[in-house]
Amino acid sequence: MVGFLQQIVEGLGAGAIYASLALALVLIYRFTGIVNFAQGEMAMFATYIAWQFTAAGVPFWLALVLTLALSFVGGMLIERVVIRPVEGAPELTVVIVTVGLFIFVNAAAGWIWTFLIKDFPNPFPAGAFEAGGLHVGYSTLGILAVVGLVMGLLYLLFQHTRIGLGMRAVAANPESARLVGIRVGWTLALGWGLAATVGAVSGILVAPLLFLEPNMMGGVLIYAFAAATLGGFDSPVGAVAGGLIVGVAETLAGAYVGFVGSDLKVGVPLVIILGVLLLRPQGLFGRAVVERA
Amino acid sequence: MSAFLEVTDLRAGYGDARVLHGVGLAVPQGEICAILGPNGAGKTTLLRALSGMVRVRGGIRLDGTDLAGRPPDALARLGVAHVPEGRGTFVPLSVEENLRLGAFIRRSRAEINADLERIYTYFPVLRKRLKQAAGSLSGGEQQMLAIGRALMLRPRLLLLDEPSLGLAPLVTQELFRIVRAINEEERTTVVVVEQNAHIALGIAQQAHVLETGRIVLSGTAEQIRADEQVAQSYLGYRV
Ligand SMILES: Nc1ncnc2c1ncn2[C@@H]1O[C@H](COP(=O)(O)OP(=O)(O)OP(=O)(O)O)[C@@H](O)[C@H]1O
Ligand SMILES: [Mg+2]
């Protein structure tokens, strides 16, 4: 029993990371209807920036703040420069642009920092908190706390600020948003900035667990896709719940399903994506599209 | 002396398709102007031109300020409120959020709260539905919400596109009575597009008939009502 709970705790820790990247995907999807395949690479790039700061001797938490601020600006710039020109273009065009962005950011990181792996400092102390035989790593607790904090801040932003209300209005009906005086273009850029920031958090959280290298986020992105699909691509709460569920499912499958083991457990997200698309395409928390004339 | 809203030789369309071929209007401050005409005449396009949602050539002046070529959010800031055909509510957002969005560009909380109260006196049902999603309202309630949201801008020019669409006759009458009351109490200038010519002429001072992108007939509401051709085409009876 303790062993089982232990697996769940591990799963939640991993799941929180998927959740934060899924949250970034969902933010952009809600505002622009775009699935941003480059989300993971943007997060990886931000993580390198954080690494560069710490390597230059900047204390970790200050490096974090600087990186998040740069990610925000970077996300807005990407929207203005790369996405804006294809706004309103057919979906396939936009998808291909984000795939292009994926390749570009990946190559740029390799060019700047090489493909050699780097150690990324862990902001949380080593060791674990123990209760009834259960070990909860401080790192796992830290990750859960950070993702919880990010969610809480986003909730406050969207539900209790004027800017957040404006952003929800743009997501709901861009044309009417314009008519009430909202600058829709800037709001979309703001959405990208926010998503880039949230994604950067996931990169910085995952880097100490893996090694920092340009392909670090590839796997995480797949899990984040599974999480967003499971939770519903238009639901931030769903993205987080989906991330946690995917994390736990992956860990349990690796530990208890004999033939899965640690090699095949990367198949779990695929199974989840397929299952959801077949059984409940809008996801657990998503809204099925029902148009009212 | 020029009118409050002055539209001269307005041309607009979608891509290569020209829809308006030189429309002219002049509406004095505080008056209601009705736009009538058959389906596809370009009535919606005219309102969209006035709120900056389609590209235009020609002149649009509001109280002397040139509006032509400005984007919709800039026009909202200049006091143009547009209730689009099909209402354009923020469906997943609550009634209260929809109304507050109407005042997005305004800063004073106290004034906004006072205006909310004012909207509830015009449309008491909205107060009972404050926390409900706009999409869950009935058609008539959504139309009231859309007009309420437009009023939250404190508009100088209110554009209404077929407010009667899909509403029961009694609800339509009530809605037009309220539009008239708003116009009288706030001195808001209104341009209203309506299929229901009879009811629109009942509240308007002046009216224009639009056909295939041109104004084919203009006059006071009484003149238009008395016009035999209009009576046949749009009022459904012979004089
Ligand atoms: N988004 C659009 N793209 C291309 N053409 C359009 C568009 N919207 C309208 N049109 C065309 O412009 C013309 C005028 O349309 P508009 O909607 O202004 O008419 P309307 O007078 O409001 O009609 P209705 O009474 O049916 O609402 C029509 O021929 C229509 O096909
Ligand atoms: Mg129309």
Sorted largest first, the C-alpha extents of chain A along its principal axes in whole angstrom are 59, 49, 35
Quick calc: nm separation of the 7 Å Cα→Cβ label points for B:ARG109 and B:GLU85 -> 4.1
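Please sort A:277-284, B:211-218 by packing, taking for each peptide the average over its residues of neighbouring beta carbons within 10 angstrom, highest first. Don't jump to the answer; show the numbers that get you there.
On the way: A:277-284: 13.6, B:211-218: 16.4.
Highest mean packing first, the order is B:211-218, A:277-284.
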What the 10 Å binned alpha carbon P(r) of the range A:1-121 shows, as percent of pairs per bin from 0, is 12, 35, 32, 17, 4, 0
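Once you average over the residues of B:131-140, how many Cβ atoms of partner chains fall within 10 Å of each Cβ? Show your work: numbers first, answer last.
Values: counts 0, 0, 0, 2, 4, 1, 1, 0, 2, 0.
Averaged over the peptide's residues, the number is 1.
For the full complex of protein chains and a 1.4 angstrom probe, list A:TRP51, A:TRP113, A:TRP61 by accessible area with the highest value first.
Working: A:TRP51 50, A:TRP113 25, A:TRP61 135 Å².
Largest accessible area first, the residues go A:TRP61, A:TRP51, A:TRP113.
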Expressed as a whole number, the average count of other chain Cβ atoms within 10 Å around the Cβ atoms of B:73-83 is 3
Nearest 10, in degrees from 0 to 90: the angle of helix A:217-231 to the longest Cα principal axis of chain A is 70
Helix A:91-113: inclination vs chain A longest Cα principal axis, degrees, rounded to 10, gives 50
Taking Cα atoms, the helix A:2-32 axis meets the longest principal axis of chain A at an angle in degrees (rounded to 10) of 10
For the range A:1-105, the per residue accessible area (1.4 Å probe, Å²) is 43
The distance between the Cα centres of the range A:154-224 and the range A:40-113, in whole Å, is 13
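Leaving out ligands, DNA and RNA, and with a 1.4 Å probe, what % of the accessible surface on the protein assembly as shown is carbon or sulfur? List each step's numbers first, then the result.
On the way: 14600 of 23520 Å².
The C+S portion of the solvent-accessible surface of the protein assembly as shown is 62 percent.
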Pseudo-spin-label distance B:THR212 to A:GLU87, built 7 Å along Cα→Cβ, given in nm, is 3.6
Here the relative contact order (percent) of chain B, from C-alpha pairs under 8 Å and at least 6 apart, is 26
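Ignore the peptide's own chain and count Cβ atoms of other chains within 10 Å of each Cβ in A:167-176; give me the average, rounded. Spell out each step's value before the answer.
Numbers: counts 0, 5, 8, 1, 3, 10, 10, 0, 6, 14.
Going residue by residue through A:167-176 and averaging, the value is 6.
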Rounded to 0.05, the calculated FRET efficiency for the beta carbons of B:ARG177 and A:ARG280 at R₀ = 45 Å is 0.45
Expressed per residue, the solvent accessible area of the range B:3-235 in Å² (1.4 Å probe) is about 40
Cα-based Debye curve of the protein assembly as shown sampled at q = 0.06, 0.10, 0.11 Å⁻¹ gives log₁₀ I(q)/I(0) of -0.38, -0.86, -0.96
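Viscosity 0.890 mPa s, temperature 25 °C: Stokes-Einstein D of the range B:3-235 from its Kirkwood Cα radius, in µm² per second?
On the way: Rh = 17.8 Å.
In µm²/s, the coefficient rounds to 138.
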Here D for the range B:142-204, in µm²/s, from Stokes-Einstein with a Kirkwood Rh over Cα pairs at 25 °C and 0.890 mPa s, works out to 209
In square angstrom to the nearest 100, the accessible surface buried at the B/A interface, both sides summed with a 1.4 Å probe, amounts to 2000
Under the 7 Å Cα-to-Cβ spin-label approximation, B:GLU222 and A:ALA55 lie apart by a distance in nanometres of 8.5
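The values are calculated or read from the model by the stated rules, or taken from the named source; none is laboratory data. Since we're looking at a predicted model, the values are computed, not measured. Because the Cβ atoms are built from the backbone with ideal geometry, glycine has one as well, and the counts that use them run over all protein chains shown. These accessible areas exclude ligands, DNA and RNA; they are computed on the full protein's heavy atoms, side chains included. Shrake-Rupley method; radii C 1.70, N 1.55, O 1.52, S 1.80 Å.
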